[in-house]
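The values are calculated or read from the model by the stated rules, or taken from the named source; none is laboratory data. Because the structure is predicted, anything quoted here is derived from the model rather than measured. All Cβ positions, glycine included, derive from the backbone under ideal geometry; neighbour counts span all protein chains shown. For the accessible areas, the whole protein counts, side chains as well, though only heavy atoms, and no ligand, DNA or RNA atoms are used. Shrake-Rupley method; radii C 1.70, N 1.55, O 1.52, S 1.80 Å.
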Amino acid sequence: MVLLEERVSALALKPPRSLKLVLAQLTECPQAELLELLREFKGQHWERCTAIHWHPLLNRFDNILASYADPARREVHDAPSGELVCEVLRALYDALMQHAELKGVFASGDRLRDLLECTDLPVVLGTLRCLSVCPPGRHLRGTHGVVAERRLEALAGGTTWPGGLCSACSRDCPVRDFAYEVPRVSGDALGLTALVMPAARASTDAQELTRELIASHSILEVYHPSLRLQLGMWCHARTLDGRREVAAIALYALCNAVKHLGPGFLHQHLQKRPGLFAELCDLLQNLQTIGEEVGVAALRATGAILDSRYGQNRAEMTQLSQMLGLSVPHGIVACALRGLLGEEPPPKQMEGHYRVLMSALDLFQITTASNHQTTVQLGHAGMILAMLELLQKTNIISLPAVVSMLRCLELAAEVSGSTALILFREFRGLSAFSNRLQQEVDLLMDLDFKGDAYDKEPPPMTASEDERKTY
């Protein structure tokens, strides 16, 4: 296990007191209290600081993940629960998303690789989500990565539905029978054994079904893990939320395989699943109805395929670009982003909406840098206007999306030059920026606090909502 250096340099940027207190609490609290504290953890709302201040907490997270990934350590009385591991993975994902400087020191890649072998699908989903924002590294390559490569391939293949992944995310998708083929050896001949299970048994425990099929068909031990995985996903997909989680797992696995394993995986995967690009296009056209997790996963998988940094075959990138309509103003990506910018979800769905919007803005940046098509997409009716309307939002939950949108406009101006600037001027972008700047100045002038804001004591948990918002 690689531990990060926890000694803070005197030259390091001083963190806000609120951030320092919470990081210390998460690092030092008993494990029994950690689950509830992580549920309140909102890393995306915090100020940035030097990566060194996160090292003690990252080391603790690494130890928890290592304990759960090791089957022997998972059985001891004080082992972390699957629920705690899911919260650790969620907090880790939020921290890596918000603080890019943490990606350079992230040392838990091997732990994430080992967690891919878990049978707990929510843990697998959280693991894939974290891997999707990690820089490409050695932990999924070489000798140790062979098993992980096979696992990603199995997860990306997932289970298939007649109408594709988009239909699986709908409420009226029926539970289908389980059907899976495994190789068998009969004398000197090789063949396939067809394993079938009726849909009525989907509510049965997956481990029990696995034991039953193994006993009745004498399946070779080498195929037990893949059978266990397929049965686990089939049982999990009997409900709408379960199907959406299985679909998200398949898309995140595709994203990570393309990102970490190289272009060869995509070429082989397309041979097995020739309708993949059509499924991605279908998902991006239905972001408002397929669920937040599947929407983010679909956008990240599309971005990984289109990102030229991962060395995809040019013909495959071009094919997907054409299907997405990146060269026309009203292509699928432009329409999806415009729809998200104009949507006003209810308060309970606001956080999930902004996660999908930020992923769409990330895809917008990737198509800008890789394909130089942003000028055309900015020509979508109301695109610039919708971006400038987002600029006027000042509630805390929208700030990360506002920052992502500004990066999109900046990159568009750099790549497309005068055309983007003309569009910006025609929609009175300078006036919108001036209004937002005036809002920020007014907020600062209204503050009656005097002193060092970084050392201000945060309000207690029992404080009123108004006090906490003011802070």
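Scanning segment 30-43 for residues that are at pLDDT below 90, outside any loop (DSSP other than H, G, I, E, B) and open to solvent by less than 40 Å² (accessible area, probe 1.4 Å) yields one hit, Gly43. The single condition among (1) within 20 Å of Glu292 (Cβ to Cβ); (2) open to solvent by less than 20 Å² (accessible area, probe 1.4 Å); (3) not hydroxyl-bearing (Ser, Thr, Tyr) that Leu240 does not satisfy is (2). One residue stands out among those in segment 285-316 that are charged (D, E, K, R) and open to solvent by 60 Å² or more (accessible area, probe 1.4 Å): the one that is modelled with the highest pLDDT, which is Glu292.
Would you mind finding the one in Ser321, Ser359 that is at pLDDT 90 or above, polar (S, T, N, Q), assigned to a helix (DSSP H, G or I) and more than 16 Å from Gly262 (Cα to Cα)?
Numbers: Ser321 fails: at pLDDT 90 or above.
From the options Ser321, Ser359, the qualifying one is Ser359.
The residues listed here are Leu65, Leu58, Leu21; of these, the one that is closer than 26 Å to Ile396 by Cβ and either modelled with pLDDT of 85 or more or open to solvent by less than 30 Å² (accessible area, probe 1.4 Å) (or both) is Leu58.
Residues are listed down the side, and each one gets a yes or a no for (1) β-branched (Val, Ile, Thr); (2) at pLDDT 85 or above:
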| position | (1), (2) |
| --- | --- |
| His139 | no, no |
| Ala154 | no, yes |
| Thr160 | yes, no |
| Leu165 | no, yes |
| Cys169 | no, yes |
| Asp205 | no, yes |
| Ile219 | yes, no |
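Might you check whether a residue that is in contact with a helix residue (DSSP H, G or I) (Cβ under 9 Å, 6 or more places away or on another chain) and either among the hydrophobic types (A, V, I, L, M, F, W, C) or more than 30 Å from Met323 (Cα to Cα) (or both) occurs anywhere in segment 185-192? No, segment 185-192 contains no residue that is in contact with a helix residue (DSSP H, G or I) (Cβ under 9 Å, 6 or more places away or on another chain) and either among the hydrophobic types (A, V, I, L, M, F, W, C) or more than 30 Å from Met323 (Cα to Cα) (or both).
Pairing each residue of segment 184-201 that is within 25 Å of His236 (Cα to Cα) and in a helix (DSSP H, G or I) with any residue that is modelled with pLDDT under 80 and of a type in the set (A, V, I, L, M), provided the two are 6+ apart or on different chains, yields no C-beta distance under 6 Å.
If you go through segment 208-228 one residue at a time, how many are in contact with a Ser or Thr (Cβ under 8 Å, 6 or more places away or on another chain) and either open to solvent by 10 Å² or more (accessible area, probe 1.4 Å) or β-branched (Val, Ile, Thr) (or both)? Spell out how you get there, then give the answer.
The initial filter retains those residues of segment 208-228 that are in contact with a Ser or Thr (Cβ under 8 Å, 6 or more places away or on another chain), namely 217, 219, 224, 227-228.
From the residues that got through so far, the ones that are either open to solvent by 10 Å² or more (accessible area, probe 1.4 Å) or β-branched (Val, Ile, Thr) (or both) too are 217, 219, 224, 228.
Residues flagged as in contact with a Ser or Thr (Cβ under 8 Å, 6 or more places away or on another chain) and either open to solvent by 10 Å² or more (accessible area, probe 1.4 Å) or β-branched (Val, Ile, Thr) (or both) within segment 208-228 amount to 4.
Filtered by the rule that a residue be under 21 Å from Leu385 (Cα atoms) and surrounded by fewer than 19 Cβ atoms within 10 Å (Cβ to Cβ), segment 336-354 gives Gly339, Gly342, Glu343, Glu344, Pro345, Met350. Considering segment 243-261, and only residues there that are farther than 14 Å from Gly164 by Cβ and open to solvent by 10 Å² or more (accessible area, probe 1.4 Å), the residue that is modelled with the highest pLDDT turns out to be Glu245.
Would segment 122-130 turn up any residue that is modelled with pLDDT under 85 and surrounded by fewer than 23 Cβ atoms within 10 Å (Cβ to Cβ)?
First, pick out the residues of segment 122-130 that are modelled with pLDDT under 85: none.
For segment 122-130, residues modelled with pLDDT under 85 and surrounded by fewer than 23 Cβ atoms within 10 Å (Cβ to Cβ): absent.
Given the structure, is Gly382 modelled with pLDDT under 85 and under 19 Å from Val328 (Cα atoms)? So Gly382 passes the test.
For segment 83-90, does any single residue satisfy the condition of being assigned to a helix (DSSP H, G or I), out of contact with any Gly (no Cβ under 8 Å at 6 or more places or on another chain), modelled with pLDDT of 85 or more and surrounded by fewer than 16 Cβ atoms within 10 Å (Cβ to Cβ)? Scanning segment 83-90 turns up at least one residue that is assigned to a helix (DSSP H, G or I), out of contact with any Gly (no Cβ under 8 Å at 6 or more places or on another chain), modelled with pLDDT of 85 or more and surrounded by fewer than 16 Cβ atoms within 10 Å (Cβ to Cβ). With the condition kept exactly as written, say whether any residue in segment 274-284 is open to solvent by 10 Å² or more (accessible area, probe 1.4 Å) and without any contact (Cβ under 8 Å) to a residue 40 or more places away in the chain. Yes, segment 274-284 contains at least one residue that is open to solvent by 10 Å² or more (accessible area, probe 1.4 Å) and without any contact (Cβ under 8 Å) to a residue 40 or more places away in the chain.
I'd like to verify a number: residues in segment 67-82 that are in a helix (DSSP H, G or I) and either more than 21 Å from the chain's Cα centre (by Cα) or aromatic (Phe, Trp, Tyr) (or both), how many? Let's see the steps before the verdict.
Applying the first criterion (in a helix (DSSP H, G or I)) to segment 67-82 yields 67-69, 71-74, 82.
Remaining after also requiring either more than 21 Å from the chain's Cα centre (by Cα) or aromatic (Phe, Trp, Tyr) (or both): 67-68, 71-74.
Qualifying residue count, segment 67-82: 6.
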